[in-house]
Amino acid sequence: MTTNTKRHNRSIRYCSPNCQFFRCSKRALGPKQRVRGRLRISCKFVAGDLCTGSRCTYSFCTKHKMLPDGKCGLRERPTVKEDDDKIEQKYERELLNKEKQNSRYQTLLKDKYRKKLKGNKW
């Protein structure tokens, strides 16, 4: 007997019937049992079968965090955070660039006005 089940990626967490917020709209969750050290929950709606979790059409989350594809929205999402040092260095570089641009502009203005002043004799 072959089953056509997806193998879930370990980094992506799907809603599981082991979660305290997981519910069945048919109220068909059976008793929890330990099988080879893992917690298994049976389904009373489909006699003798295990609960399929987020793939079941009757499953829902009491916190309303189950995403349409079955992923758990309660899990913390990985975010890209820059170190404070990197942010400070980036800010300092921007300030230096602005100062350089301002100094170039000021020297151009000084040169322009010097030429005008030298050309005009009072």
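The values are calculated or read from the model by the stated rules, or taken from the named source; none is laboratory data. Everything numeric in this text was worked out from a predicted model, so none of it was measured. So basically every Cβ, Gly included, is an ideal-geometry build from the backbone, and we count neighbours across all protein chains shown.
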*Filtered residues of segment 61-73 (kept if part of a strand (DSSP E or B) and charged (D, E, K, R))*: 71
*Take the residues of segment 26-38 that are within 18 Å of residue 59 (Cα to Cα) and surrounded by 11 or more Cβ atoms within 10 Å (Cβ to Cβ): which is modelled with the highest pLDDT?*
26
*Using beta carbons and a limit of 7 Å, which pairs, at least six apart or on different chains, have the first residue in segment 40-60 and part of a loop (DSSP other than H, G, I, E, B) and the second one surrounded by fewer than 16 Cβ atoms within 10 Å (Cβ to Cβ)?*
44/28; 45/26; 45/28; 58/25; 58/26
*Report, by residue number, each residue of segment 62-76 that is out of contact with any strand residue (DSSP E or B) (no Cβ under 9 Å at 6 or more places or on another chain) and in contact (Cβ under 8 Å) with a residue 24 or more places away in the chain.*
63, 75
